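The values are calculated or read from the model by the stated rules, or taken from the named source; none is laboratory data. What you are looking at is a predicted structure, and each value in this text was computed from that prediction instead of being measured. Note: ideal-geometry Cβ built from the backbone for every residue, glycine included; neighbour counts use all protein chains shown.
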Amino acid sequence: MKKLIELKNLTKEYSGQVVLKGINLDIYENEFVTLLGPSGCGKTTTLRIIGGFLDASDGTVIFDSYNISKIPSYKREINTVFQKYALFPHMNVGDNIAFGLKIKKMPRSLIKQKVADVLDLVGLNGYENRDVTLLSGGQQQRVAIARALVNEPKVLLLDEPLGALDLKLRKGMQLELKRIQKEVGITFIYVTHDQEEALTMSDKIVVMNEGSIQQIGTPMDIYNEPENRFVAKFIGDSNIMEGIMLKDFLVEFDNQQFECVDKGFMEDEEIDVVIRPEDIDILEEGNGKIDGVISSIIFKGVHYEIIVETNNRSYLIHTTDVVEKGRRVSLSFYPEDIHVMSRMESY
Amino acid sequence: MHHFKKLISPYLFVLFLFTLLPMLLIVIYAITISKNEVLTFTITFENFQRFFRDSIFISVLLQSFKLGLITTAICLFIGYPVAYAISLLKEKTQTYLILLITIPTWINLLIRTYSWVSILSSKGILNNFLAKFGIGPLNLLYTDFAVIIGMIYSCLPFMILPIHSSLTKMDQSLHEASMDLGANPMITFLKITFPLSLPGVLTGITMVFLPAISTFVIPKILGGAQYTLIGSFIETQFITIGNWNFGSAVSLILAAFILILMSLMNAADRYTNSGDRDEDETRRLKRYAKK
Amino acid sequence: MRKSKHIPSWLMVVLCLLFLYLPIVVMMIFSFNSTKSTSVFTGFSFRWYQTLFEDNDMMRAVYVSVSIAVIATFVSTVLGTLTAIGLSKTKKVMKEFILQINNLSILNPEIVTAISLMLLFSALNIQKGYMTMLLAHISFCTPFVITNVLPKVRQLDANLADAAMDLGATPFQALWKVIIPQIKPGIFAGALLAFTMSFDDFIISYFVTGNGVQNISIIVYNMSKRTNPSINALSTIVVLVILVVLILSRLLPMLNKKKEKRVQ
């Protein structure tokens, strides 16, 4: 697959504060990439640098083998879907969408056709003459997407576009966006702080924190094999403990040794271990690996969220099994459910 | 919360006594005539007819209109670029600049106008300065030029402030969206920024044109006898000639004129349809207070 | 919008500011001139200030302008604030009616307002002078206070006063302790506006005054055909007072914040 964008050592400083600490990232054709992280991690800054709305303090942006770092946004073949849609209130839907095409001096009949096509793509057939300020949030969202896509950019940037929508609408739009991306076949670079959203839509997730990239991988990779404590905590619920990698396939934590499937660490290296709550089974006392007492049970609909107190810590478990508070139990998990990560200081 | 409703009673009284009743009196005077300083109670439209019949009076109306137009046009021509220039700067800088532009409006109008008398007089600073280049002395005072300078001087801030306000209130991401879609800064300004700033422009025009038509102070101080505007015409009727009926009629004509223009402005505003500007805004900005 | 160099912008802004401040600066400079001239600065002197303070008419005019501005501001602010609060609880029809009349008085050309008030005082046989000027000022300042306070009142949580009274406060206490503190910025802005409008006024004052009572505007108007450098002195004082008020109003909030920090 062809490399479309290369970010080389992007750094950004704002009045003394370093917001981006040297970002290196490759983005390919036809990819749905999500920049994921908490507020202030630099994901939106990175996006805006790619879009040309912000200049990096250092580093380069390579697009299609050209260094576009100095090129202004209106000359880049990249289009953006803004967080609050940024629809032009004094133009109707059709004129909003046609804006970019008119700038390119496309013939009117061709513009008309393209506008109709893209409205069809986003499911708003016949909306050309509607007043944008009277549309619902979801509809405005689609117009914003249509307006960007009609220019046939090679890359579409999306800055937390679903933030203002209610939950159900958001989930629907997530699937819509994924469908549109597959249908149009271009690269989407998506920014969000919602890890569930990232897991649902992305081909590749870039987890960021405090201006640097924590991990790059597929949703499965990120979820199942987080590389450090931050990623483990940010994505999904987790049980994280400090431990020591005695040797390949053998890890020690909570004063016990466990077989695991990770290797490549140094002997007796200090590491972090993560076990997902849904990977832990509750068994009869004595039948599992770690003993403890059930201290709380919360019904979450999809599963129970159970906390078991052991000698060293409490474990969080997701299960559909029914248990009672106060029962003495034993926890069990498979070696492949233990994920060893490099130890992260101070997080 | 019925308790608080009673609070408006004193003001109702004030409104009635000091706004409604006086206006009523103007109407009464306008539709009557006085004989020997006694008001007769025959309703007549003679006063209005007199105004429109005589061409002198129409020319007074036209002169006021002309002055208003010129003042507004020049203020717009200078004011928009300045407002736009300010909107491009850092936020903090903008606040200080707006403050600087507002401060002169707090200084007494008479004082401000008077200062131009000494600057423009034949022995004044301007002529002094020009003399160094061998020009003049120019007879600047008591000319059209002086009056217009005086008018612009007092009106300019009221054009700049509303335009600046509408420029900064604009969603900045609209500019970014426009550039993102391929429009360079010039096209972005023409197609996005300017159209969306029109409500502010309209407010500015309202706040300059309407007072400019009804002014009489500035033309009187800086202009010569050649300037008879509606404002000074009314003043003459009341103070010098003592024909209160005719004067009231002309006042009503002026008020009606202003009212018509205001409705035209409102209609224009509804047409441009960018919901921000409303009557609260116009009034709030009529004399712009610092925030 | 990149906010970087912008030299042409700055140029335009500076030229505009020069235009706006040139007359003021000129006046201030020549107020210290030792001769009557307003084109040649012959020497530094306080002569015109002395003349100003010795001119009884001028000083009386200053007194009139200032005292009326202060009183009118106070009265119109109180009246306007209470009315705005009352209006927020008034039924729509009456409320719209009042606001429309307010609108009328604000948008009415000043000369029409001036004439109407003159007719009023004449019809009621009230002798024109200080009192009539004061009343007129109060009547045209109050609408501006209302338009500044009303939006702030609208933004208030309607439940606040109810909560106060639920806890035992009388309506007056609820007003004073809960509502007013919340709308302070609006009140302050309104008061400032009222003061400016009153202090600056000419046309209305001109028509409703009598008995030789003059404010600053009227006395300057009557003198304007002759150059009188003590007017420059007066103007300079006015500008300086405005500057002082400005600096104070900027400093006070900052001082308050510092006090709050120390308490914490």
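Structure notes:
- Of the residues A:ASN96, A:ASN125, the single one that is touching a helix residue (DSSP H, G or I) at 6+ places or on another chain (Cβ under 8 Å) and without any contact (Cβ under 8 Å) to a residue 24 or more places away in the chain is A:ASN125.
- Taken over segment C:60-88, the criterion of being of a type in the set (A, V, I, L, M, F, W, C) and within 12 Å of chain B (Cβ to nearest Cβ) is satisfied by C:ALA61, C:VAL62, C:VAL66, C:ALA69, C:VAL75, C:VAL78, C:LEU79, C:LEU82, C:ALA84, C:ILE85, C:LEU87.
- Every test in (1) in a strand (DSSP E or B); (2) over 30 Å from A:GLU197 (Cβ atoms); (3) small (Gly, Ala, Ser) is passed by A:SER296 save one, and that test is (2).
- Only one entry in B:ILE125, B:ILE101, B:ILE135 is free of Cβ contacts under 8 Å to residues at least 60 places away in the same chain, at the interface with another protein chain (Cβ under 7 Å from one of its Cβ atoms) and out of contact with any His (no Cβ under 8 Å at 6 or more places or on another chain), namely B:ILE125.
- Residue list for segment A:151-169, filter: closer than 17 Å to A:ILE189 by Cα and not charged (D, E, K, R): A:ASN151, A:PRO153, A:VAL155, A:LEU156, A:LEU157, A:LEU158, A:PRO161, A:LEU162, A:GLY163
- The single residue among B:PHE238, B:PHE246 that is at pLDDT 55 or above, buried (at least 18 other Cβ atoms within 10 Å of the Cβ) and more than 9 Å from chain C (Cβ to nearest Cβ) turns out to be B:PHE246.
- Selection status of A:ILE111, without any contact (Cβ under 8 Å) to a residue 24 or more places away in the chain, under 16 Å from A:VAL155 (Cα atoms), surrounded by fewer than 23 Cβ atoms within 10 Å (Cβ to Cβ) and within 14 Å of chain B (Cβ to nearest Cβ): no
- Annotation: of all residues in segment A:313-338 being in contact (Cβ under 8 Å) with a residue 60 or more places away in the chain and either assigned to a loop (DSSP other than H, G, I, E, B) or not assigned by TED's automatic domain parsing to the domain that holds A:LEU283 (or both), the one that is surrounded by the most Cβ atoms within 10 Å (Cβ to Cβ) is A:ILE338.
- Going through (1) surrounded by 22 or more Cβ atoms within 10 Å (Cβ to Cβ); (2) farther than 21 Å from A:GLY185 by Cβ; (3) not polar (S, T, N, Q) one by one, A:MET91 falls short only on (1).
- Check on B:SER165, modelled with pLDDT of 90 or more and away from every other protein chain (no Cβ under 12 Å): yes
- Within segment A:146-159, none of the residues are more than 26 Å from A:ILE50 (Cα to Cα) and at pLDDT 90 or above.
- The residues in segment A:42-70 that are of a type in the set (Asp, Glu) and touching a helix residue (DSSP H, G or I) at 6+ places or on another chain (Cβ under 8 Å) can be counted, and the count is 1.
- Residue check, A:ARG142 more than 27 Å from B:MET170 (Cα to Cα) and free of Cβ contacts under 8 Å to residues at least 60 places away in the same chain: no
- Output for segment A:202-227, where each listed residue is surrounded by 21 or more Cβ atoms within 10 Å (Cβ to Cβ) and not in a strand (DSSP E or B): A:SER202, A:GLY211, A:ILE222, A:PRO226
Let's see how each residue does on (1) surrounded by fewer than 19 Cβ atoms within 10 Å (Cβ to Cβ); (2) at pLDDT 95 or above; (3) in the same structural domain as A:VAL115 (by TED's automatic domain parsing):
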| position | (1), (2), (3) |
| --- | --- |
| A:SER136 | yes, no, yes |
| A:GLY163 | yes, no, yes |
| A:LYS168 | yes, no, yes |
| A:MET173 | no, no, yes |
| A:LEU177 | no, no, yes |
| A:TYR190 | no, yes, yes |
| A:ASP237 | yes, no, no |
| A:MET245 | no, no, no |
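- Cross-chain or 6+ apart pairs with Cβ under 6 Å, segment C:176-199 first and more than 17 Å from C:PHE74 (Cβ to Cβ), then not in a helix (DSSP H, G or I): C:GLN182/C:LEU156
- For B:THR72: the one exception among (1) touching a Gly at 6+ places or on another chain (Cβ under 9 Å); (2) within 30 Å of C:ILE231 (Cα to Cα); (3) within 14 Å of chain C (Cβ to nearest Cβ): (3)
- Any chance C:MET12 is crowded, with 16+ Cβ neighbours inside 10 Å, touching a residue at least 40 places away in the same chain (Cβ under 8 Å) and in a helix (DSSP H, G or I): no
- Residue within segment C:48-65 that is exposed (fewer than 13 other Cβ atoms within 10 Å of the Cβ) and either in contact with a His (Cβ under 9 Å, 6 or more places away or on another chain) or not in a helix (DSSP H, G or I) (or both) present: no
- Just one of the numbered conditions (1) over 30 Å from C:SER65 (Cα atoms); (2) surrounded by fewer than 20 Cβ atoms within 10 Å (Cβ to Cβ); (3) within 14 Å of another protein chain (Cβ to nearest Cβ) is not true of B:TYR80: (2).
- All positions within segment B:168-211 that are touching a residue at least 24 places away in the same chain (Cβ under 8 Å) and facing chain A (nearest Cβ under 9 Å): B:PRO195, B:LEU196, B:LEU198
- Of all the numbered requirements in (1) on the phi < 0 side of the Ramachandran plot; (2) more than 14 Å from every other protein chain (Cβ to nearest Cβ); (3) not small (Gly, Ala, Ser), A:ASN30 misses one, and that requirement is (1).
- Taken over segment B:202-213, the residue count meeting the criterion of being surrounded by 24 or more Cβ atoms within 10 Å (Cβ to Cβ) and more than 14 Å from B:LEU156 (Cβ to Cβ) is 3.
- In segment C:89-104, of all residues being farther than 12 Å from B:TYR11 by Cβ and assigned to a loop (DSSP other than H, G, I, E, B), the one that is farthest from the other protein chains (Cβ to nearest Cβ) corresponds to C:LYS91.
- Any chance C:SER205 is within 8 Å of another protein chain (Cβ to nearest Cβ) and assigned to a helix (DSSP H, G or I): no
- Scanning segment C:167-185 for residues being buried (at least 22 other Cβ atoms within 10 Å of the Cβ) and more than 9 Å from every other protein chain (Cβ to nearest Cβ) gives a total of 1.
- Entirely in segment B:59-145, the helices (runs of 4 or more DSSP H) that have 3 or more residues that are farther than 30 Å from B:LEU196 by Cβ: B:109-120, B:125-131
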